[in-house]
Structures are given as structure tokens and as C-alpha cells.
Protein chains: 4
Amino acid sequence: MDTPQMNRKLRVKVVGATGYGGIGIVELLLRHPFAEIGALVAREAVGQRISDVYPHLAGFCDLPILAADDPAAQGAFDVVFFSTPDRVGMADAKAELAKGAKVIDYSGDFRFTTLAAYEDYATRLGKDPSHLSAELLGTNVYGMPELHRDEISRANLVGNPGCFATSCILGLAPALKAHLVKPVGIICDCKSGVSGAGKKAKTTFHHPERYEQINAYRLSGHQHVCEVERELGLLGGEEVKVTFTAQVLPISRGILSTLYGDLLRDATEEDVLRIYREFYAGSPFVQVYPSTAAVGTTTVRCTNRCAVVVSVDPRTGKLRIVSIIDNLMKGQAGQAMQNMNVMFGFPETTALDQPGMYP
Amino acid sequence: MDTPQMNRKLRVKVVGATGYGGIGIVELLLRHPFAEIGALVAREAVGQRISDVYPHLAGFCDLPILAADDPAAQGAFDVVFFSTPDRVGMADAKAELAKGAKVIDYSGDFRFTTLAAYEDYATRLGKDPSHLSAELLGTNVYGMPELHRDEISRANLVGNPGCFATSCILGLAPALKAHLVKPVGIICDCKSGVSGAGKKAKTTFHHPERYEQINAYRLSGHQHVCEVERELGLLGGEEVKVTFTAQVLPISRGILSTLYGDLLRDATEEDVLRIYREFYAGSPFVQVYPSTAAVGTTTVRCTNRCAVVVSVDPRTGKLRIVSIIDNLMKGQAGQAMQNMNVMFGFPETTALDQPGMYP
Amino acid sequence: MDTPQMNRKLRVKVVGATGYGGIGIVELLLRHPFAEIGALVAREAVGQRISDVYPHLAGFCDLPILAADDPAAQGAFDVVFFSTPDRVGMADAKAELAKGAKVIDYSGDFRFTTLAAYEDYATRLGKDPSHLSAELLGTNVYGMPELHRDEISRANLVGNPGCFATSCILGLAPALKAHLVKPVGIICDCKSGVSGAGKKAKTTFHHPERYEQINAYRLSGHQHVCEVERELGLLGGEEVKVTFTAQVLPISRGILSTLYGDLLRDATEEDVLRIYREFYAGSPFVQVYPSTAAVGTTTVRCTNRCAVVVSVDPRTGKLRIVSIIDNLMKGQAGQAMQNMNVMFGFPETTALDQPGMYP
Amino acid sequence: MDTPQMNRKLRVKVVGATGYGGIGIVELLLRHPFAEIGALVAREAVGQRISDVYPHLAGFCDLPILAADDPAAQGAFDVVFFSTPDRVGMADAKAELAKGAKVIDYSGDFRFTTLAAYEDYATRLGKDPSHLSAELLGTNVYGMPELHRDEISRANLVGNPGCFATSCILGLAPALKAHLVKPVGIICDCKSGVSGAGKKAKTTFHHPERYEQINAYRLSGHQHVCEVERELGLLGGEEVKVTFTAQVLPISRGILSTLYGDLLRDATEEDVLRIYREFYAGSPFVQVYPSTAAVGTTTVRCTNRCAVVVSVDPRTGKLRIVSIIDNLMKGQAGQAMQNMNVMFGFPETTALDQPGMYP
């Protein structure tokens, strides 16, 4: 793939810059040779520099934090990232698109391409099902390049996937595509580090309450299930139903999802390895491993990678996949950067081509 | 239950005293009003005091560490704990029993009551299947009082369960007994703190390598599966086959196992709660919670409790149980102490009747 | 020391029961053979059970949380613990004393025995210097039994020391008493676990922000300095001035203070060991170690102990003391319990006579 | 500063590639536009790929690990990093220099520029005082660009400083240079993360033994004192004697050193800020902060920076400096890379010009 000839760097606006998703994309933009940060917008700390809130950025990025209506945030940008909760992007994306920007939204607002699908999602979460930009639905694309690379390359509006959903979908997509497992009754047992809950301090994430604590939460339902079922259903052409368990544990960055499906036909680990490796042949960030591999969350930490470990339990006829990402990278800002690269024709790994620092 | 009239305290010997299982039972014996430590035996640090190896014990227990053949370790004891790897207890238990001791062994040596079952276990693990005290098999009891209280109360030889197995069996026993789930295809997704691997330093548990690391290991098989399948099979009278996943994460103490089974009949969470609470009505250490409960590993930390959270996924027809223990307590030394209490007719909670310190 | 003949258990009220200092004393009272909890008072979670807020207490203590003015909290109690911020105890202690209770207050309200000293403390902190119960000052005692055992045994009102101050004072008292170091210019370099900041969630203690973070804070002054200088000054009869540095790091429980003083005369480590061991001869909770001892915060974790490691740097003429406590035990609830024992004539170690669980 | 015109990339050999210091420089070389890795040498894992040992490097660096005598490790390299213990570099550096390489050694072998100074260092540590390449002493330079930039730019042989020493020297250099504090009696209270002890698993760094553990160690003496005293002595032209305390705590990366000196003249915090900022005016990696700054180890994590927080205690006449680095970056591989940049005339921040990922 050739790098596009750029006469100038892309100008980028980040809305929601003071959250973990915001500084994640800031950190990556600082590494990007063809993009520069034009404006940082947030609701908190307005008037301070981003490096006042995050001192590790001092000298690297000292831009001021602007209110959404600040004149300096109103110009034309090439890209706008909405690292914001549900219902912010749907209110403001249209105006950015009208000014010629490409928009990447981190929330659920643009992860569904029909109004019905969005309403189903919002209703299952007990949220307001009205969509403020319903006319945009259908022009948006689900921002997982491994499944929708071509559509993303042509899109102006991308809904960046959820972190849990990313780990589940990447871990299961080849199996659903190959009709390897029963589509109903798949189990997604997901474990996340604390940063997945964002920056806001809560008692349950207070260091002394968390350092020895693992717990499951929201057992009655989780917003990420809709994405998982929808995307996997599209792949196999059949309705998918999963049982999803969210668990949080005392690491900062990382998701490890253990995924179980009932095999529809005999398959050895070698068969599964082959199916998975073929599926991800053109995807630089997904690495498929056999069951004996010694990989874990630190293998992908601070990278945009997804490590997929495949195994089969012949005694019970189960496929078991361990899917591992950094929730703030492939689960959030890294995937957003990957989407930007695909949307603008940059090499997909631009700004994402270095390992994390270990240990 | 009345406390037996004791004219003197029980004299206890701990073999393998310098491991985590050894000091765990030492810590509990220090709280026990009717028992005292008579001898500490280990292979390492012989001649030092236990408080030289574990300075937190200074002033509480300063007994010397004896070699197994030290004369001071040869006398008659009322109880001998073998906190030792496989094949130590099977070699030495007979002599202790002959001197009148009751024996509680932490390893796999006495967790199976027939030679065939032991051979199956050892063979599946790739170990030597010969048993050095085969004539004792059948006199031993699986040391889980919630399932075998009466037999334990009459036993002289108890095989203390494994930590992963304890969490799985306690989480699933009522469902199997009630024929609520399919016995084949149950999923045990287990997460353990690092202390479950014992005291020996290894690179994978070196602090800088572990602090942000979650990983699955030994995906091809785990020794605890045999116990789980055997005990659950006895309860329901049917062959049980589970898919078991062991995962380790950066906490010190705690196991959280998430268990999934296919419901054989419609059941609500309330139905399951009732079945579970009835099953554990006489068991002081198991606490059954609804799906909304905010419990985790810190809820049971440093106690002999098992917290069982029940839920049902009606969309997929799954029973989902979260079973939580402290791997060094209900998963090891605490259960050993509980077994000692049952074997001698003490109240089951003796020395186990206080909460952990929080946070 | 004989245990007093008690016809009944002491009835205890805990004000501020839902903070870490509150549940710490609850946990210890559950172990105490001669005391029972009569009322739990707090401003938050009123009407819930303490075990709703802290599920690890379920079955051990399920008492309701009462508002301060709840009739059930008004009766006569033998002991009242105020585990509350400054200015709560000074408002309410008098009424409790009038009803015959002995009062132990955790705040700065009763750590100074003259109004001038209190005003100095409050002023240096920028707080309101008025004292609501100035007439009680002089009847109160600084609650460190190692320094004031006799006075505490006769007192009705005790000001429980601060956690940092406890570590510094115990580490330096023998040296000041023996005029071993210059009283001006002592350095207290103190490191605390996060629980020392209490239960309230803050961004700086949010798990992802803290897990790899050590920082110094409030370099311009810290409230504990007043206590340290006052108590050490009383011991040596000279004005003491210390440079105090507070640092927080990612453990839950523990303070390690490294203390440096200029030696006024030649002294070897053996000399210092002798002076320190003599000073603490009658104090069961302080253990003095030579410089080669392998002790740390886990040595004293969940106990009321203070480990004091002494060393001398002859090249620079410095005395260096490492003083280690559990900030929630000897630094808070443990010392409060020790004070209660001394005030009522119980053995000083009652309810404090067991090691922590390791690891 | 102009970037030198390079017709080709520098070819780099890393000896000791499998330790933390080795992979640190590998990670940085992967970011360097003018250098490439030519050979990785180690004693362990020979024949495996570096990415077999460190799976996070897969796809980024998959070079084989060579034995020191492997033909592929014998060619001419532009730079050789010895990330090895004492006495390896001194044996092998000469041959590399003879082949035209510039050498950067991480050990104590080339941190001293006279044989007498080396002998003093080795003797104080109880090591063999003979130096295998004494004739090179005097041609080597202490590799701290903030103090020796010009000499390093002309050197072929650089001794990379120790991690503790780096934090102490950078924190104290301006004060000594300005004769602001007494040169005898300075206190260096240093706290390090566990990675400073390297990759080798030991019981004291086993995760369950370390997660709540802070301890001081080697109170009788530490190898880094020699470097600190020597370099600071050179700055002020007077003999310097420090009291040094090493402490280790449960983080992976980071050193925070709190440094105390007796002021020789009145000075306000503003005075000190000015002196420090002038001293470091041309040093891009050192950032000087006032006492109110909210910085800690996470501020510099995964960067080559040193954060220096200055404060004065006028009550006791003390200067207090908090000096913070990432022990694996400015304390090791980052400083080695900085030295390489200076030695070859690259901009000093090349490959070191990005922030860490937070949190």
C-alpha cells in the first residue's frame, strides 16, 4: 500500500480529550508522521493545558483544553474523534461532517447501521432509543478493519467498537464465518483491567479496594452483547446469541476474553489454526497462536494487537478461544487510529508500529 | 454440636511447614483453642526457626524446622497435616496412622477412594500411576465437609481437595444433585491469584512480569479436572465432563470461577437460589447470593468461606454460577482446618470464625 | 497483669463506623473476649447494615448503621471510639464522658494537652484554632502506650495518634530520650500505603493512576509534624524540629519511615540496639532489629506491631532508623484497641495477639 | 543541532540482550531512524529468537540470540552495548574498540576514570579490584550527558551510570556546583521499583511476597554510593559523603529519590528553582518543578526524563529535592541511547522523543 502524497498534515480535533480515550489518541497522534493535533475539546479543565491534567505530556503536547463552543474549536478539521459517551457524537457529528471532516466516534452512537438496530441496543440498555442523527445511519461503518476494511476506507463516519466487543468478535469471527460452532449458546467470559471503566474515581476502583479484588458485574446484561451478536450474525448469516460475563480485576490495561462454542463438526487444533490464520492473513494486528503459546495481556500491552490463542476440547466438543487485547489500544484509541489510517489510505500500522515497553 | 471435652490440647505435626499451605495451617492452629503445634517438618531451612523464614510469625510461633527423620518429629501426634506434593503423603501416612494419628493430606494422593480412580488421575497427568499405599484407598475420604461431612467425622485419613476443584465443586454441586444442567459440556472458567502456584519463585510470577499480566495456562489439561468430574458425577449419578480453563492474574489470594451449564429445564434465578440455599443449609461456610450481589475475592479473603453467586441466562438457556474462595483458605489450609474440626467433633468453624481484615 | 473480673462485656459504640478506622476497630472488637459492639454510628449508609457496606463482615457483624441522633445510639456505653475527622470528637466527647464512657478519639482533637498546643497545631494546618472542649484539655492523654502507659491506664479521654506520627515517634523516642541525636534537623522520610488516605475515592488513588505511582505530597507541611515534635520534645526536654516528607505508594496497608539524625556522640549499631531494646523492654508490640534483618511492611501487616531497624553510618555520623507499622493497626485501630486494653486493665495484647495471614 | 548525514544506518550489537537492559535498548533501537540491530548476544536462550523469550517483540524484532563467540556476532559494528554485569565489558570492550566500534557499558567497569577510583569502588563492594583493561581507564567517560556532554561526544568508550546514582546525581548536581549545601552528610533516601533488580526471579520479588511489601535493604552499603560521591565531588571540588538508603517497593518501573542537604546559606525555593533551571537549561530530559507540582513516577514512566522537585525547609535549614526517573530508561537503556546519540552527533532526543502511554 502506498502512502498518499500529503501536501500538509491532517488537522485533527479530539472531543473528550481529558478521558483515557482522549489522551490515548493524543499519544498516538504525536507519533503519526501525517497528522497533527489542531484542537482538544473537553468539558472539564477548560482553559488548562492538557499537560496540566496529564503531566506526562508536558513538552510533548501542551495545547489548551477548549470548550466545545470555543472559536478555536470551530474551524474545519480533517478528522474529528469523539471520545465521548453515548449521545454526544450523534448530536455533533453532522456539523463536523458538513464541514468536510471524517468522524470517528467511540460510543454506541454509530456502531449500528440501522435505526432498528440502534433502538434495540438502546432499549436493551434501558436508554433513550431516539437517535438524534438517524439520517446518518447507513452511511456509517462499524470500525473494525479486520471485518470491514473496504467500507471503512470509503467511509466518512465510523463507529469505533467497544473494548469487550472487540476482543469477542476478533476471537470468534473466523469460527462463525466457517460455521464451525453453534451460533446460539456461545460463552464470552471476559476479564478487563480497571482502565476500561475510565478515569472517573469510584470506590470500587479505589486502590485499596481493588488491589486484591476480582469480581463479576452487571450479570443481568451488558451493552457490548448487542455489538457482538450483530457482527457475528452478519458473518455467518445466522442469529447469534451469546452469554456474556464481564469481570474486572486489578490490572490497569488489558482484556482477556475466554470464548467457548459447541463445535458443529470434528476439528483439531490444527484445523482451527488454519481457519483462523487464513481469516486474518491480511490483518497485521491479529496474531493467532496454538494452545501451547505463553502469551498474556503483557504480550499486547500498549499495542494495537490482538493475540488469539486457539484450542479444542475433544472430550466435550468445545472450541475454546482466548482473545487478548489492550483495552485502551485495540479496544479504543489504537483501533480509532487504525480506522483513521484506513480512512485516509495510510498504511494501516502507521503510528501503531512499535512494541510496548516491557516490563 | 457440643464441643468435646478435651483434657488436653491436640498435638499437631505439620509436614511441609515452610510452604504457603504449611504456614497457613500454622496461622490457624495459633487461633485454635483445642490444638497446639507439636512439630514442624520441612526439607528446606532445617534447623532454623519458622519465624526466621517467615518473620511475621516471630513471637507467635518460633518452633524449629525439623527434618522428617528428626527424633523430635517421631513421637505420637493426634493430627498430622501433609502439606506436601504428590507422593509424600502416600509414603508416610501409613506410619502416622499406625501411631494413632489422624491424617489430612493436601495432595492428590488421597483424593480418590479407589485405585482405579487414582490411576486414572495419575495417568491423565502423565505421572507414575503406582500408589504406595493402595491398601488405604477406601478408608480415605474426600475432604469436603459440604459433601462428605459424616464420612469425614468418622475418618482417620482425609484427602484435602484442590483449590480450583473446591471452587468448581461447591459452585456446581447443587445443580448436579438437582439434575438442573447437562452433565457433559459444563464450562469451568477459573481465575486464580499467584499464591496458588506456591512459594517457589519463577519468572512468570516475578513481580515485574506479573503485575499487569493475566494469562491462561496448561490449556491441554489440568489436574483438578479429575476431582471435579468425579465428585460431581457421584452427586448426580451420571458421568460428568467439564471443559476447564486455568487462568492466573496479579492478586495474591483468591479464586473466582465462573461456571456455565446448559439448563435441562426452565428455571429462574429464584428457583436456583432456592435449590442452592437448601443444599447448603447446614454448611456455615457457603453463602449463596443473587446475581445483583456486589461480592468478589475480597469478600472471602482470609476466610474459609465460599461465595456462590447464581444467575440464569434465559436467552441461551444457561445456568451461570460465580464461585469465589480464598485459595489458601477454603482452597487449602482453611478447609484442612475445617476437616480437622469435623474429624474431632469440634464446632466446624473453630479457628475459622473471624472475618479478614479489610482492605 | 491479671485480667479484670468482668461480670459483663464492655459495651462499645463506634462513631464513624463506615470508614477504614471504623471497620478496623469492628474487626478487632469481634476478636475481643471482654467487649461487644453496642452501636455503630455513621453519616453515610444510615439504615443499612454494616455488612451491606462491607460484605466481608456478613455473618460476623450485621448491626445497623445508626445516625448520631438515633435513640439506639444514645444509651450509656463503656467505651466510645470516635473514628472521625477533626472537630467531631471535640463536639461530642463531653456528653459521652458525662454518661460514664471512656472515649478514644482518632483525630487531632485530643492529641494535645494544652489549648496553646492545639492552637499551634490547628493554625499550622490553616484550620479553625478554636477548641470546642478546651476544658477537657489536660484531662486527655496522648494515646501511645509505649510512652504514656500509666497515664492512659488512668485516663477517660485518649487522643489516638496519627499513623505517620506513630511510626516516627516510635522510631526516634529512644534516641531522643538518650540524647543520642541532635534534636533539630532530624529527617523523617515517610512512605505510606493508600489506605492511609481513607476510603474516599479520588483520582490520585484510582487504581489505574496509582498502580505504578509513587509521589511525595504536601511538601510544604504536614499535620503530623506537630505531634512528632511535641512528643519527642517531651522525651528529651529540648525543642525538636524535624523535616518531614510524606510519600504515598501503591500498597494498601503499611508505613515505612526512614529516620535520620545527627549523632551527638560516637555510637555503634550495638550501642543503639541496646538503648532501643532497653527502652522497649516492657512494650510487647515494638520489635527492635539490627540492620541486617530482612523485615518490611509485610512483617507487621495486619498486626499492631512496630518493627524498628537500627543502623549507624559512621562515615557521616548519622543514626538511621527504619520504623515499620501497619497504618491501619498500630497506626490507627490497633493502637486504639491497645489503648482500650490499657484503660480497662486488660492485657495489652488482648485481641491483638495473632499474626497476619501471609502472603 | 543538525543530524549527521548518514549514508547507512549504524549497525548495533547488544551484549546481554535477554535482560531488561538488553530489551530496553532493543525497544529503543526499533524507534531509531539512523540505527539498526545487527546482533543480539546473550548467555541464555541461545538459538532462540528474542521474540521467543519476549513475545511482545514478535514481528518487531525476531533476531536470533547468539552466543558471544558466534561468527555472526564477530563482525564490525558501529556501536556495542554491554548490558552485562561487572567484569564482562572490561574483558571484551577492547576488542570491539579495536574493530572500530564505540562502546557503551552498563556496568561499573567503566564508570571510573582512574584505576585508583575503580579499585576503591571494587574494594568497597568486596569485589575483585583488578581491572582487566586498566589501560582504557582515562579514555572512558562517565555517561551522564547533563554533566559530561562534550566529553561524551568525543568518546569511544562510555560507562553508563547506575539507576540510583543517576537519580541522586541529577537531583544534587546543581546544589553542589553552587556550593548550596554541605558536602558531607547529604542523605539519599531512594525507592526503586522491582525491575531495578533485573529479570532473575527471587523469593523476595515473587509476586505474592512483594505486592504489599516495602523494605530497605543492604543498609550497610550500596555500590551506587561511589558514583554519587565521585561525580558530586568533581562538581563542587570538595569531598562529598552521603548516607544512602535503598528501598524497594511493588511497582515495576520507577525510582523516586528524596535527597536532603544542609543549606550553607539562606535560600528560598525560588532561589533554588533558578539555580536548578539554569544548570539544566541545555538538558532536554531534566525538568525542574516547584514543591507544589503533582508529579510522581508515572510522570516519567517509559521516558528518559528526570523530574526534579525542589523545596526548602526553612525551619531546619534543609534543602530537599525529589528526583524521579524511570529506572529502565534514564536509569539504564534510555540514558544509554542518549549517550549513543551524543556520541554520534544525533539530536540527543532521537528515539526518546515520545511520552509514555498513560495510565
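Filtered by the rule that a residue be surrounded by fewer than 24 Cβ atoms within 10 Å (Cβ to Cβ) and outside any loop (DSSP other than H, G, I, E, B), segment A:287-311 gives A:Q287, A:V288, A:Y289, A:S311. Just checking, does segment A:260-275 include any residue being open to solvent by 10 Å² or more (accessible area, probe 1.4 Å), closer than 25 Å to A:H224 by Cα and facing chain B (nearest Cβ under 10 Å)? Yes: one or more hits. In this entry, D:A17 is excluded by the filter for residues that are in a loop (DSSP other than H, G, I, E, B) and on the phi > 0 side of the Ramachandran plot.
It is to be established whether one or more residues within segment D:58-78 are on the phi > 0 side of the Ramachandran plot, open to solvent by 10 Å² or more (accessible area, probe 1.4 Å) and in contact (Cβ under 8 Å) with a residue 24 or more places away in the chain. No: segment D:58-78 contains no residue that is on the phi > 0 side of the Ramachandran plot, open to solvent by 10 Å² or more (accessible area, probe 1.4 Å) and in contact (Cβ under 8 Å) with a residue 24 or more places away in the chain. For segment B:278-286, the condition of being more than 28 Å from A:A294 (Cα to Cα), open to solvent by 10 Å² or more (accessible area, probe 1.4 Å) and in a helix (DSSP H, G or I) holds for at least one residue. Exactly one residue out of C:V46, C:V53, C:V41, C:V26 is within 29 Å of C:R154 (Cα to Cα) and out of contact with any Cys (no Cβ under 7 Å at 6 or more places or on another chain), and it is C:V41. Counting only residues that are without any contact (Cβ under 8 Å) to a residue 40 or more places away in the chain and part of a loop (DSSP other than H, G, I, E, B), segment C:128-164 holds 6 of them.
Is there a residue in segment D:16-23 that is surrounded by fewer than 24 Cβ atoms within 10 Å (Cβ to Cβ), under 21 Å from D:G162 (Cβ atoms) and of a type in the set (V, I, T)? Yes, some residue in segment D:16-23 is surrounded by fewer than 24 Cβ atoms within 10 Å (Cβ to Cβ), under 21 Å from D:G162 (Cβ atoms) and of a type in the set (V, I, T). Right, A:A95: buried (at least 19 other Cβ atoms within 10 Å of the Cβ) and under 24 Å from A:N140 (Cα atoms) or not? So A:A95 does not fit the description; no. A Cβ distance below 7 Å, combined with a sequence gap of six or more or placement on separate chains, defines the contacts here; from segment B:102-113, residues that are more than 16 Å from B:F344 (Cα to Cα) reach residues that are assigned to a loop (DSSP other than H, G, I, E, B) and among the hydroxyl-bearing types (S, T, Y) in the pairs B:Y106/B:S83; B:Y106/B:T84; B:S107/B:T84. When segment C:88-106 is examined, which residues are found to be closer than 21 Å to C:P129 by Cα and not aliphatic (A, V, I, L, M)? C:G89, C:D92, C:K94, C:D105, C:Y106 - these are the residues of segment C:88-106 that are closer than 21 Å to C:P129 by Cα and not aliphatic (A, V, I, L, M). For segment D:233-252, the count of residues that are of a type in the set (K, R), touching a Lys or Arg at 6+ places or on another chain (Cβ under 8 Å) and crowded, with 24+ Cβ neighbours inside 10 Å is zero.
Could you tell me whether any residue of segment D:103-113 is within 25 Å of D:A173 (Cβ to Cβ), touching a Pro at 6+ places or on another chain (Cβ under 8 Å) and of a type in the set (S, T, Y)? Yes, segment D:103-113 has at least one match. Just so you know, in segment B:168-184 the residues that are open to solvent by 10 Å² or more (accessible area, probe 1.4 Å) and in contact with a Lys or Arg (Cβ under 9 Å, 6 or more places away or on another chain) include one that is farthest from A:F244 (Cα to Cα), and it is B:H179.
Could you tell me whether C:F112 is aromatic (F, W, Y), in a helix (DSSP H, G or I) and more than 14 Å from chain D (Cβ to nearest Cβ)? No; evaluated as a whole, the condition is false for this residue. If you go through segment C:24-48 and keep only what is free of Cβ contacts under 8 Å to residues at least 60 places away in the same chain and either of a type in the set (G, A, S) or within 14 Å of chain B (Cβ to nearest Cβ) (or both), you end up with C:V26, C:L30, C:I37, C:G38, C:A39, C:A42, C:A45, C:G47, C:Q48.
Just one of the listed residues (D:D353, D:D326) is open to solvent by less than 10 Å² (accessible area, probe 1.4 Å), under 24 Å from D:L147 (Cβ atoms) and acidic (D, E), namely D:D326. Residue pairs whose Cβ atoms lie under 6 Å apart, sitting 6 or more positions apart in sequence or on different chains, and linking a residue in segment A:190-210 that is within 7 Å of another protein chain (Cβ to nearest Cβ) to a partner that is open to solvent by less than 10 Å² (accessible area, probe 1.4 Å) and of a type in the set (K, R), are A:S195/A:R253; A:H207/C:R210.
Just a yes or no: is a residue in segment C:233-242 under 30 Å from D:V300 (Cβ atoms), touching a residue at least 24 places away in the same chain (Cβ under 8 Å), at the interface with chain D (Cβ under 9 Å from one of its Cβ atoms) and in a loop (DSSP other than H, G, I, E, B)? Please lay out each step first, then the result.
The first filter runs over segment C:233-242 and keeps only residues under 30 Å from D:V300 (Cβ atoms), leaving C:242.
Filter once more, keeping what is touching a residue at least 24 places away in the same chain (Cβ under 8 Å): C:242.
So of that shortlist, the ones also at the interface with chain D (Cβ under 9 Å from one of its Cβ atoms) come out as C:242.
Now restrict to residues that are in a loop (DSSP other than H, G, I, E, B): none.
No, every residue in segment C:233-242 fails to be under 30 Å from D:V300 (Cβ atoms), touching a residue at least 24 places away in the same chain (Cβ under 8 Å), at the interface with chain D (Cβ under 9 Å from one of its Cβ atoms) and in a loop (DSSP other than H, G, I, E, B).
Count of segment D:291-311 residues, restricted to those that are within 10 Å of chain C (Cβ to nearest Cβ), among the β-branched types (V, I, T) and touching a helix residue (DSSP H, G or I) at 6+ places or on another chain (Cβ under 7 Å), is 4. For residues that are part of a helix (DSSP H, G or I), in contact with a strand residue (DSSP E or B) (Cβ under 6 Å, 6 or more places away or on another chain) and open to solvent by 60 Å² or more (accessible area, probe 1.4 Å), tally how many sit in segment A:31-57. Of the residues in that region, 0 qualify.
In segment D:276-290, of all residues being touching a Leu at 6+ places or on another chain (Cβ under 8 Å) and in contact (Cβ under 8 Å) with a residue 40 or more places away in the chain, the one that is farthest from the other protein chains (Cβ to nearest Cβ) corresponds to D:V286.
Residues of segment D:331-355 that are farther than 23 Å from A:D353 by Cα and part of a loop (DSSP other than H, G, I, E, B): D:G331, D:Q332, D:G345.
Within segment B:211-230, the residues that satisfy the criterion of being of a type outside the set (A, V, I, L, M, F, W, C), in contact with a helix residue (DSSP H, G or I) (Cβ under 9 Å, 6 or more places away or on another chain), more than 7 Å from chain A (Cβ to nearest Cβ) and open to solvent by 10 Å² or more (accessible area, probe 1.4 Å) are B:Y211, B:Y217, B:G221, B:H222, B:Q223, B:H224, B:R230. The single condition among (1) in contact (Cβ under 8 Å) with a residue 24 or more places away in the chain; (2) in contact with a Cys (Cβ under 8 Å, 6 or more places away or on another chain); (3) over 21 Å from C:D105 (Cα atoms); (4) facing another protein chain (nearest Cβ under 10 Å) that C:D326 does not meet is (3). Considering (1) within 14 Å of the chain's Cα centre (by Cα); (2) open to solvent by 10 Å² or more (accessible area, probe 1.4 Å), the lone condition that C:V158 does not fulfil carries the number (2).
Within the group C:A134, C:A122, which residue is modelled with pLDDT under 95 and open to solvent by less than 50 Å² (accessible area, probe 1.4 Å)?
None of the other options fit; the residue is C:A122.
The values are calculated or read from the model by the stated rules, or taken from the named source; none is laboratory data. Everything numeric in this text was worked out from a predicted model, so none of it was measured. Methodologically, a virtual Cβ is constructed for each residue, glycine included, from the backbone with ideal geometry; neighbour enumeration extends over all protein chains shown. For the accessible areas, the whole protein counts, side chains as well, though only heavy atoms, and no ligand, DNA or RNA atoms are used. Shrake-Rupley method; radii C 1.70, N 1.55, O 1.52, S 1.80 Å.
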